[in-house]
1. Of all the residues that make up region A:56-81, how many are in contact (Cβ under 8 Å) with a residue 60 or more places away in the chain and surrounded by fewer than 21 Cβ atoms within 10 Å (Cβ to Cβ)?
2. Of the residues in region B:7-48, how many are surrounded by fewer than 21 Cβ atoms within 10 Å (Cβ to Cβ), outside any loop (DSSP other than H, G, I, E, B) and more than 10 Å from chain A (Cβ to nearest Cβ)?
3. Could you give every pair whose Cβ atoms fall below 7 Å, whose first residue belongs to region B:90-116 and is free of Cβ contacts under 8 Å to residues at least 12 places away in the same chain and within 19 Å of residue A:50 (Cα to Cα), and whose second residue is in a strand (DSSP E or B) and of a type in the set (Ser, Thr, Tyr), counting only separations of at least 6 or pairs across chains?
4. Quickly run through region A:2-12 and pick out the residues that are more than 11 Å from residue A:108 (Cα to Cα) and among the hydrophobic types (A, V, I, L, M, F, W, C).
5. Do we have residue B:51 as within 14 Å of chain A (Cβ to nearest Cβ) and either more than 29 Å from residue A:40 (Cβ to Cβ) or touching a helix residue (DSSP H, G or I) at 6+ places or on another chain (Cβ under 8 Å) (or both) here?
6. Tell me the residue from A:97, A:43, A:50 that is within 14 Å of another protein chain (Cβ to nearest Cβ), under 12 Å from the mean Cα position of the chain (by Cα) and either under 30 Å from residue B:55 (Cα atoms) or surrounded by 20 or more Cβ atoms within 10 Å (Cβ to Cβ) (or both), please.
7. For region A:82-93, give me each residue that is within 11 Å of chain B (Cβ to nearest Cβ) and in contact (Cβ under 8 Å) with a residue 60 or more places away in the chain.
Amino acid sequence: AQTVTQSQPEMSVQEAETVTLSCTYDTSESDYYLFWYKQPPSRQMILVIRQEAYKQQNATENRFSVNFQKAAKSFSLKISDSQLGDAAMYFCAYRNRDDKIIFGKGTRLHILP
Amino acid sequence: NAGVTQTPKFRILKIGQSMTLQCTQDMNHNYMYWYRQDPGMGLKLIYYSVGAGITDKGEVPNGYNVSRSTTEDFPLRLELAAPSQTSVYFCASSYVGKVPTYNEQFFGPGTRLTVL
């Protein structure tokens, strides 16, 4: 069975600075999909960024980018130019071949003004 | 496009009561899911459905039942509420076709359920 580990329960970053959230996963599958979801205080789950395992190029969405290291089974999220609206819980997620998603426990990100 | 909608937003139940959490999607997605999120935790899969008339258990199905009579609706039933079922419940949907792709899940706003 696959597992997703987020080792940082909480992180803080100064507004306008850059922060990296860590995620590692364990799987025996060779092709899969990885996601980062954001959950603000409203509780809505919002897809931030996604990555296919067979694509070596790291995904980028505006200020959000990932560092995908397939051999190390690592999928970290980098947020550049942090904004107050980025404060939220961030969940790393793995989608397996049965189309089920396994979520990490989350990292709560605080933005310091 | 309303996306995925859930009702109610909040509910308080007494131990032993029953209730149904409603979930509807208007994106013509074939797959639908129910998750629960306990405090400080990620989401855990309760049940899922790959199409109308087909449902299957997820990681934590005990104490719940589901049905999928239409593509749009996927209600979750709690028969005998217990304090351990106090949680936030999310419904999600995705389109899964023959060509492998992201198939990302779209989530509803959640239902906060408290069992006292």
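1. Total satisfying the criteria: 3.
2. 9
3. Within 7 Å, the pairs are B:102/A:33; B:104/B:94.
4. Passing the criteria: only A:4.
5. yes
6. Exactly one residue qualifies, and that residue is A:50.
7. Correct list: A:90, A:91, A:92, A:93.
Computed from the coordinates by the stated procedures, all read-outs in this text should not be read as laboratory data. What you are looking at is a predicted structure, and each value in this text was computed from that prediction instead of being measured. When we count neighbours, we look across all protein chains shown, and the Cβ atoms used for this are built from the backbone with ideal geometry, even at glycine.
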